[in-house]
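The values are calculated or read from the model by the stated rules, or taken from the named source; none is laboratory data. Just so it is clear, the model here is predicted, and its values are computed rather than measured. Glycine also receives a Cβ, built like all others from the backbone with ideal geometry; neighbour counts cover every protein chain displayed. In case anyone asks, the SASA skips ligands and DNA or RNA and just uses the protein heavy atoms, side chains included. Shrake-Rupley method; radii C 1.70, N 1.55, O 1.52, S 1.80 Å.
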Amino acid sequence: MQALSINNLSKSYKELKAVDNVSFEIEKGDFFGFLGPNGAGKTTTINCIMGLANFSQGEIKVFGKNIKEEYREARKLIGLAPQDYNFDPYLNIEDVLVYQAGYYGIKKKDAMPKVKELLEQFKLDGKKEVDFRKLSGGMKRRLALARALVNSPKLLILDEPTAGVDVELRLELHKYLEKINKEGTTILLTSHYIEEVEKLCNKVAIIHQGKLIANDHKAKLMEKLDSGHTEILLNKNIRPKKIEHVEFHNKRVIVWNHGRHQLKNVFGYIQSQKAIIEDVKTVKDSLQDIFLRLTKK
Ligand SMILES: Nc1ncnc2c1ncn2[C@@H]1O[C@H](COP(=O)(O)OP(=O)(O)OP(=O)(O)O)[C@@H](O)[C@H]1O
Ligand SMILES: [Mg+2]
């Protein structure tokens, strides 16, 4: 069962194509990373899923429910922690959660156990009578996450949930997200912390200038873009030689994976220069390297 399927989605703001013919699917149980530089179209895509942006072309389904034709059913299945939040500044934070539950048709007395649990989980129970304006930045982020979970969504959408959150809390959030993902919540995560995506997600898509430029299992993506390298350290400088996919930097020789077949050649050249090899390291690209390379083009 697809938790989310997006087909040929386009969304323009006047001349600007913020989302340009994007298609991808998220399977039930996935922890899906959605990456892209500033202005790439991530939030716009999310706004289309949520029915917050009106799109002219394409189709979006959440667990098989069309978000235009079956809006209420689809919306019930989703929880969103938005990039920019929109809390009522005069509500205390317990009421923020109770109101959100009410939006899904959950009565206060039925919502309270979950509200209590979430306030505790996100260490907000000491602040429940305080209004939103009196929270710190990190507390607001936690509240946004708690609010996204109040209806026990099957698809949780997190638009930069850990921006401005301290390291300790970030690690705690990671643990919590991993836990609910294991328990069956499908998660779509956007983040500028690529280590976070690398750590948590099983699949990754990259959007750039409105277009999807990668979408694969994380491991496959890293394998497909096999662009690690081997670094050879020498005891002395040698003269550079022209060999494809090989770079000479004084004592350091870099052999890109595309040039692996040249290794024998390279070792031969090093020997002919009477240099001694002191160290050989193979370096695998991180998701960050892949991301930067793909979005630089
Ligand atoms: N309401 C709007 N009216 C006009 N243009 C918009 C609107 N919302 C977004 N855009 C434009 O659409 C493009 C995509 O923006 P979007 O917010 O989707 O980017 P993003 O990938 O979420 O970036 P970030 O990482 O900075 O959050 C940008 O060029 C942005 O200026
Ligand atoms: Mg955004």
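Residues of region 62-92 that are within 16 Å of residue 155 (Cβ to Cβ) and within 16 Å of ligand 1 (Cβ to nearest atom): 80, 81, 82. Counting the residues of region 117-148 that are open to solvent by 70 Å² or more (accessible area, probe 1.4 Å) and either among the aromatic types (Phe, Trp, Tyr) or not in a helix (DSSP H, G or I) (or both) gives 2.
For region 173-214, the set of residues classified as in contact (Cβ under 8 Å) with a residue 60 or more places away in the chain, within 22 Å of residue 28 (Cβ to Cβ) and part of a loop (DSSP other than H, G, I, E, B) consists of 184, 191, 201, 202, listed by residue number.
Residues are listed down the side, and each one gets a yes or a no for (1) open to solvent by 60 Å² or more (accessible area, probe 1.4 Å); (2) within 13 Å of the chain's Cα centre (by Cα):
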residue	(1), (2)
178	yes, no
190	no, yes
194	no, yes
197	no, yes
201	no, yes
205	no, yes
208	no, no
213	yes, no
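Just so you know, in region 246-297 the residues that are assigned to a loop (DSSP other than H, G, I, E, B) and in contact with a strand residue (DSSP E or B) (Cβ under 8 Å, 6 or more places away or on another chain) include one that is least open to solvent (accessible area, probe 1.4 Å), and it is 275. Residue pairs whose Cβ atoms lie under 7 Å apart, sitting 6 or more positions apart in sequence or on different chains, and linking a residue in region 57-84 that is of a type in the set (Asp, Glu) to a partner that is open to solvent by 20 Å² or more (accessible area, probe 1.4 Å) and assigned to a strand (DSSP E or B), are 59/7; 73/65.
Tally up the residues in region 13-31 that are open to solvent by 40 Å² or more (accessible area, probe 1.4 Å), more than 9 Å from ligand 1 (Cβ to nearest atom) and either modelled with pLDDT under 95 or not charged (D, E, K, R) (or both), please.
Taking region 13-31 and keeping what is open to solvent by 40 Å² or more (accessible area, probe 1.4 Å), we get 13-17, 21, 23, 25, 27-28.
Among the residues that remain, those that are also more than 9 Å from ligand 1 (Cβ to nearest atom) are: 15, 21, 23, 25, 27-28.
Right, trim to either modelled with pLDDT under 95 or not charged (D, E, K, R) (or both) and you get 15, 21, 23.
Number of matching residues: 3.
Residues that are within 12 Å of ligand 1 (Cβ to nearest atom), open to solvent by 10 Å² or more (accessible area, probe 1.4 Å) and polar (S, T, N, Q) within region 32-61 comprise 38, 43, 44, 47, 54, listed in sequence order.
Selection over region 267-296 of residues that are in contact with a Ser or Thr (Cβ under 9 Å, 6 or more places away or on another chain) and either free of Cβ contacts under 8 Å to residues at least 60 places away in the same chain or of a type in the set (Ser, Thr, Tyr) (or both) gives a count of 4.
Tell me which residues, restricted to region 158-177, are within 14 Å of residue 84 (Cβ to Cβ) and not small (Gly, Ala, Ser).
Correct list: 158, 159, 160, 161.
Out of all the residues in region 85-109, which are of a type in the set (Asp, Glu) and either open to solvent by 90 Å² or more (accessible area, probe 1.4 Å) or within 11 Å of residue 146 (Cβ to Cβ) (or both)?
Keep residues of region 85-109 that are of a type in the set (Asp, Glu), which gives 88, 94-95.
Matches in region 85-109: 94 only.
Could you tell me whether any residue of region 237-245 is open to solvent by less than 60 Å² (accessible area, probe 1.4 Å) and free of Cβ contacts under 8 Å to residues at least 24 places away in the same chain?
Step one: list which residues in region 237-245 are open to solvent by less than 60 Å² (accessible area, probe 1.4 Å), which gives 238, 243.
The next check asks that each one be free of Cβ contacts under 8 Å to residues at least 24 places away in the same chain; those that pass are none.
Within region 237-245, none of the residues are open to solvent by less than 60 Å² (accessible area, probe 1.4 Å) and free of Cβ contacts under 8 Å to residues at least 24 places away in the same chain.
Answer yes or no as to whether residue 151 is under 30 Å from residue 284 (Cβ atoms) and either in contact with an Asp or Glu (Cβ under 8 Å, 6 or more places away or on another chain) or away from ligand 2 (no atom under 16 Å from the Cβ) (or both).
Considered against the rule, which asks whether it is under 30 Å from residue 284 (Cβ atoms) and either in contact with an Asp or Glu (Cβ under 8 Å, 6 or more places away or on another chain) or away from ligand 2 (no atom under 16 Å from the Cβ) (or both), residue 151 comes out as no.
Please return the ranges of helices (runs of 4 or more DSSP H) entirely within region 1-115 where 3 or more residues are within 16 Å of ligand 2 (Cβ to nearest atom). Answer list for region 1-115: 42-49.
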